[in-house]
1. Within the group R103, R90, which residue is closer than 30 Å to A169 by Cα, modelled with pLDDT of 95 or more and among the charged types (D, E, K, R)?
2. Which pairs turn up if I take residues in the range 64-80 that are within 12 Å of I158 (Cα to Cα) and free of Cβ contacts under 8 Å to residues at least 12 places away in the same chain and look for partners that are of a type outside the set (A, V, I, L, M) and part of a strand (DSSP E or B) with beta carbon separation below 9 Å, at least 6 apart in sequence or on another chain?
3. Cβ-Cβ below 7 Å, separation at least six or inter-chain, first residue in the range 135-151 and more than 14 Å from Q88 (Cα to Cα) and touching a residue at least 12 places away in the same chain (Cβ under 8 Å), second among the charged types (D, E, K, R) and surrounded by fewer than 20 Cβ atoms within 10 Å (Cβ to Cβ): which pairs?
4. Take the residues in the range 163-182 that are hydrophobic (A, V, I, L, M, F, W, C), surrounded by 12 or more Cβ atoms within 10 Å (Cβ to Cβ) and over 16 Å from the mean Cα position of the chain (by Cα); name whichever of them is farthest from A100 (Cα to Cα).
5. Is it the case that R111 is over 14 Å from the mean Cα position of the chain (by Cα) and either assigned to a loop (DSSP other than H, G, I, E, B) or crowded, with 20+ Cβ neighbours inside 10 Å (or both)?
6. Go through the residues of the range 114-131 one by one and say whether even a single one is within 20 Å of L183 (Cβ to Cβ) and either at pLDDT below 95 or part of a loop (DSSP other than H, G, I, E, B) (or both).
7. Residue under question is S98, and the condition is that it be surrounded by 19 or more Cβ atoms within 10 Å (Cβ to Cβ), more than 11 Å from T47 (Cα to Cα), of a type in the set (S, T, Y) and modelled with pLDDT of 95 or more; does it hold?
8. Taking T63 as meeting all but one of (1) of a type outside the set (K, R); (2) surrounded by 17 or more Cβ atoms within 10 Å (Cβ to Cβ); (3) part of a strand (DSSP E or B), write down the number of the exception.
Amino acid sequence: MGVYCLTLPGLTIMMELTMERSTSMTLDSENLRAAMRAWSAGVTVVTAAHAGQRHGMTVNSFTSISLDPATITISLQQTSRTYELVTQSRAFGLTMLSAAQARVSDIFAGRFPEIEDRFADIPVETLVTGSPLIVGGLAWLDCRVVQTYDAGMNMLFIAEVLSARSFGAGQPLLYHDRKYWQLSKLS
């Protein structure tokens, strides 16, 4: 068992990690997947650009860590093209998708394998880092990677938000039980 400390200006995250594996019981990954279907999350697209290449992927493993300093975290599968570009550029853009962007989410999730350029016909802009940000999203975050953490098949990226833009009211795209949903207010 080890305790690891991640320190950013004004922010300390303590992570206790146990490296021991139980030999008496191993979690079946399908059981975990089934349980995680009960979790609802907003849908984002994470994008990166490096050396004339750009790529992006649909991500819901995103959270805000701190407002001061402005810090977020995302998790990317280490075999993905987006992971490679984020690692090389040390930057990424994050677009929070609107309910009208389910097809955009599907494109960046790779559900249309015939689409080679995921950015074709999708308008983008850039802010500070040059990472593409998708027009029509509810908000954009332009980020610089400050720390990484190897998390098995994924890499956890801790990033400073260099620029943020919100586009006002709108319905977010949500994902729950392998389907897209819209938010509705409880009375």
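1. When all the criteria are applied, what remains is R103.
2. S64/T71; S64/T73
3. Listed by first residue and then by second, the contacts come to V135/E125; A139/R165; W140/R165.
4. Once the filter is applied, the top-ranked residue is F167.
5. Judged against the criteria, R111 is a match.
6. no
7. yes
8. Of everything listed in (1) of a type outside the set (K, R); (2) surrounded by 17 or more Cβ atoms within 10 Å (Cβ to Cβ); (3) part of a strand (DSSP E or B), T63 misses just condition (2).
The values are calculated or read from the model by the stated rules, or taken from the named source; none is laboratory data. As the structure is a computational prediction, the values presented were derived from the model and not from experiment. Because the Cβ atoms are built from the backbone with ideal geometry, glycine has one as well, and the counts that use them run over all protein chains shown.
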